[in-house]
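Enquirer: Have a look at the structure that comes next, please.
Read-outs throughout are calculated quantities, based only on the coordinates presented, and are distinct from any laboratory measurement. Remember, it's a predicted structure, so these values are computed and weren't measured experimentally. With ideal geometry, Cβ positions are generated from the backbone for all residues, glycine too; neighbour counts draw on all protein chains shown.
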Amino acid sequence: MKNTAIYPGSFDPITNGHIDIIERASRIFGGVVVAVLNNDEKKHLFPVAERLAFLRASLKHLPNTVIKTFDGLLVNFAEKCGTNLIIRGLRMVSDFDYEFQMTLTNRQLNPDLETVFLMTDAKYSFLSSSLVRQVASFRGKIGHLAPPAAAAALKKKFGGK
Ligand code: COA
């Protein structure tokens, strides 16, 4: 696909905020590779196979989007995909420090890599995967925070509405 960009993350699980960014990206770029990190240092609630299944079920309406896993450095994965475009979502000012550090690290590793930041819809600016996991773990409502596949799996794990 021409003008393909990579949207990397851990997606544990995918939230409606991630979907908002992927929808925006799919309107701008010829193709979007949603890339799930497989060797994350973070401890995950869902194994990578389940995280991929939630993504597949939630992104069916976006034909120019593919879902892949990667391990190792993002710059190497980008090279393998034949692109130098990375997408990151920005929610609040507090995201900036982390994103700045990550972008400059990647740029040092590959000066050709460009990171494009898309701002999330205001209604998702507070949202994160850990927040969704926490609300679900206390059996709170999550139907408006995560897509049906992820919400159903969280409800199965923790019980709740
Ligand atoms: N809506 C909702 N939540 C969002 C979001 C959005 N639009 N954008 C980010 N988040 C949340 C995620 O849910 C996650 O929440 P959590 O911490 O509560 O679980 C948090 O923001 C950050 O997650 P994510 O954007 O998935 O980033 P990450 O830190 O998990 O992963 C990688 C970042 C994968 C891009 C990065 O670690 C990487 O490239 N690793 C490969 C190794 C490498 O190349 N390192 C050198 C460069 S740093």
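Enquirer: Provide the gained length on full extension for the span Phe138 to Thr105, in nm with one decimal, where the gain is 0.36 nm per separating residue minus the Cα-Cα distance.
Expert: Working it through step by step, the gained length comes to 8.2 nm.
Enquirer: Could you work out the relative contact order of the chain? I mean the mean sequence separation of Cα pairs under 8 Å and 6+ apart, divided by the number of residues, in percent.
Expert: RCO, the chain: 28 percent.
Enquirer: Let me ask something else about it. Report the label-to-label distance for Phe96 and Lys68 in nanometres (one decimal), using points 7 Å from each Cα along the Cα→Cβ vector.
Expert: Spacing of the two 7 Å Cα→Cβ label points: 3.3 nm.
Enquirer: Using the Cα centre of the chain as the reference point, and only Cβ charges (+1 on K/R, -1 on D/E), how large is the resulting charge dipole? Debye, rounded to the nearest 20. Let's see the in-between values first.
Expert: Numbers: 21 positive and 14 negative charges, 178 e Å.
The calculated dipole for the chain is roughly 860 debye.
Enquirer: Per 0.36 nm of contour for each residue apart, how much would the distance between Asp112 and Leu131 grow if the chain were fully extended, relative to their Cα-Cα spacing?
Expert: Length gained, Asp112 through Leu131: 3.4 nm.
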